[in-house]
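Bear in mind that the values in this text are calculations on the coordinates, not laboratory data. Note that the structure is a prediction, hence the values are computed from the model and not measured. Methodologically, a virtual Cβ is constructed for each residue, glycine included, from the backbone with ideal geometry; neighbour enumeration extends over all protein chains shown.
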Amino acid sequence: MKQIFLILSIFVALRLSAQEPVVTWDGLKKQKEKSDEQIKDPEKAAKSATWAKRGKLYYDIAVFNYIPDGYKGMAATGGLQNVELYIGVPDKKEAKSDGIEAWIYPQKTLYMKDGKLDSWEYTDFIDKDAILKSAEAYIKAVETDEKGKFKSKQTTIAEVAAVRNNTYNDAITKYSAKDYKGALELMAKCAKLSEFPRSDEDSLFAVGTPHYAAGIIAREMKDYDTARKYFKASEELKYQTDLAYHQYADTYLAQGDSATYIAKVKEGFDKYTDSEQLVIDMINFYMDKKQPDMVVKYIDIALEKNPENASYYSAKGTIYDTQNDDFFKKYKEAMEEANEHKKAAFRDRFEVAKKAESEKKQAESLAKAADIKSKKVESMANAEKFYKQAIQTDKEFFNAIYNLGRLYYQAFDSEMYDSDYEFRVNKNSAEADKYSEKGTAWLKKSAETYEMAHKLKPKDRNTIEMLRSIYYKLKDYDKAKIYKEKLNDLPAESEPGIK
């Protein structure tokens with residue numbers, strides 16, 4: 001989902017080096033059985049010390065067999081650092097396929113490749129949920145602490161930091177394995193531990209980090225109420241403030257509640273006016289709602305914040321480009337409407353009143369068409385202007401170049417429509433030729449622009465198809481043939497173009 005990279009980016013950094021076990025496997029199992037019985041006793045379960053001791057015990061269980069990620073690539077034997085020195089001699093070794101050798105220990109198996117530690121797996125557990133139970137125990141120790149001093153003890157601070165970090169890592173591991181329920185359960189406990197007092201040196205990650213991560217996981221589960229709770233907490237804890245607000249609002253959109261979504265985005269934007277992400281949310285929302293004036297408004301705000309972002313100029317160009325298409329459609333409708341009135345005037349040429357009425361309507365339609373064409377010219381000029389600005393900002397911005405080529409092709413269509421109209425309706429071949437010449441000029445400009453797009457993406461099917469069609473219309477059959485052959489040479493799964 002969105003922003004999950006923010007979680008994964010600190011995954012490796014959070015792993016703590018495992019402590020050397022101070023007790024045996026069997027000893028830990030016995031202590032576990034004792035602790036499990038103690039918390040069933042109401043008197044002992046009411047004591048903070050019972051839970052504190054349990055938290056430390058279950059942490060020791062969780063890390064008893066732990067192998068740090070940094071051990072990967074360590075030499076099996078020899079040198080100052082090797083697997084035999086740090087982990088011990090295995091009970092036995094077994095040759096596997098592909099040159100892999102398995103080193104088998106109690107509760108775990110290590111795999112060596114080319115004399116180095118390649119991977120490992122755990123084969124036995126005292127309790128697979130040990131780190132979760134450790135976190136739960138420390139939280140319970142605070143809840144049952146009548147004097148309220150346990151939370152701030154230096155030993156507690158150090159122990160909770162270790163449990164918190166390992167809880168976070170295990171949550172990410174479960175998330176990566178798509179065990180979202182397990183991941184959320186762990187991350188929720190991590191969020192609580194994150195709010196405990198810290199030492200000055202404990203700056204590995206911000207207080208709100210697991211809250212944001214829990215929101216991401218809950219959203220993946222479509223548990224939007226829970227996701228909102230954690231995104232809101234992240235924002236209140238000053239972690240990923242505007243992004244947390246973005247995610248918070250987006251949960252409403254995921255539920256189809258666009259009214260609340262835009263209200264929350266606006267609320268967030270009012271609070272975080274420098275947030276580029278929330279501006280983008282506003283742009284995307286109004287684009288979906290087909291409200292171009294509002295889109296332009298927020299694109300301008302985005303450009304103020306980041307004038308070097310070519311996408312904003314291109315998006316603004318697209319708004320005017322779309323208007324240009326719409327005006328062309330309405331222009332043709334008005335012109336054809338005028339033609340119908342002209343036909344009616346001819347049919348009623350012997351009835352003065354009817355003829356006059358039809359000629360009046362024809363004149364009104366032509367005036368309407370002229371007004372629309374004026375707006376079309378303006379919208380095309382704006383589209384061209386912003387596409388060019390996008391290309392100036394990023395000379396390899398394929399989308400803007402492709403769309404500019406399409407804009408010029410539409411100008412060709414427009415001129416050819418006028419040429420046809422003059423010849424078909426007004427029987428004016430000289431005027432028709434003028435429009436045709438203008439159309440040819442636009443078509444050549446379109447070809448030049450599409451050639452630029454083709455250089456950037458030589459296998460884009462849509463671009464090649466456009467170039468083949470354009471050169472055929474220009475009667476440059478040699479070039480049309482070249483692009484037809486390029487089209488035929490494309491593989492079946494060629495890169496799709498822009499439509």
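Exposure proxy ranking for 25, 120, based on other Cβ atoms within 10 angstrom of each Cβ and starting from the fewest, stands as 25, 120. Can you give the extra length, in nm with one decimal, that the chain gains between residue 266 and residue 363 once fully stretched, where that is 0.36 nm per residue apart less the Cα-Cα distance? Fully extending the segment from residue 266 to residue 363 adds 30.3 nm. With Cα atoms defining each centre, the range 89-153 and the range 322-369 are spaced 82 Å apart in the structure.
Give me the distance between the Cα centres of the range 163-240 and the range 57-85, rounded to whole Å. A separation of 27 Å, based on Cα centres.
For the chain, the longest principal axis of the Cα atoms and the long axis of helix 477-489 meet at an angle of about 30 degrees. With contacts defined as alpha carbon pairs under 8 Å and 6 or more residues apart, what's the relative contact order of the range 236-369 in percent? Value for the range 236-369: 14 percent. Taking the C-alpha atoms only, the angle from helix 461-473 to the longest principal axis of the chain is near 10 degrees.
Placing +1 on each Lys and Arg Cβ and -1 on each Asp and Glu Cβ, with no other charges, gives the range 307-389 a dipole about its Cα centre of roughly 260 debye. Legend: residue pairs 181/229; 96/128; 30/151; 388/481; 40/178; 330/395, Cα-Cα distance threshold 23 Å; pairs beyond threshold, 96/128; 30/151; 388/481; 40/178; 330/395.
Cβ-Cβ distance of residue 220 and residue 451, R₀ of 35 Å, FRET efficiency by 1/(1 + (r/R0)^6): the value works out to about 0.20. Taking square-rooted eigenvalues a ≥ b ≥ c of the alpha carbon gyration tensor, is the range 307-389 rounded, prolate or oblate, where a/c under 1.5 means rounded and, failing that, a/b exceeding b/c means prolate? It is prolate, given that a/c is not under 1.5 and a/b is the larger ratio.
Using the Cβ-Cβ distance between residue 203 and residue 146 with R0 set to 30 Å, the FRET efficiency from 1/(1 + (r/R0)^6) comes to roughly 0.45. Taking every Cα-Cα distance in the range 112-261 and sorting them into 5 Å bins starting at zero, the pair-distance distribution P(r) comes out as 2, 9, 16, 17, 17, 14, 10, 7, 4, 2, 1, 0, 0 percent. Taking Cα atoms only, the orientation of helix 25-38 departs from the longest principal axis of the chain by about 80 degrees. When peptides 274-281, 51-58, 139-146 are sorted by average Cβ neighbour count within 10 Å, with the highest value leading, the order is 51-58, 274-281, 139-146.
Under the classification rounded if a/c is under 1.5, otherwise prolate if a/b is larger than b/c and oblate if not, where does the range 269-343 fall, given a ≥ b ≥ c as square roots of the Cα gyration tensor eigenvalues? Here the range 269-343 falls in the prolate category.
I want to make sure I understand the PRE zone here: with the label point 7 angstrom from the Cα of residue 291 toward its beta carbon, which residues in the range 260-276 have backbone N atoms less than 17 Å away? Those under the cut-off are 260-270. Each other residue within a Cβ distance under 9 Å of residue 320 adds +1 if Lys or Arg and -1 if Asp or Glu, for a net charge of -1. Mean sequence separation of contacting Cα pairs (under 8 Å, at least six apart), scaled by the length of the range 396-499, corresponds to a relative contact order of 27 percent.
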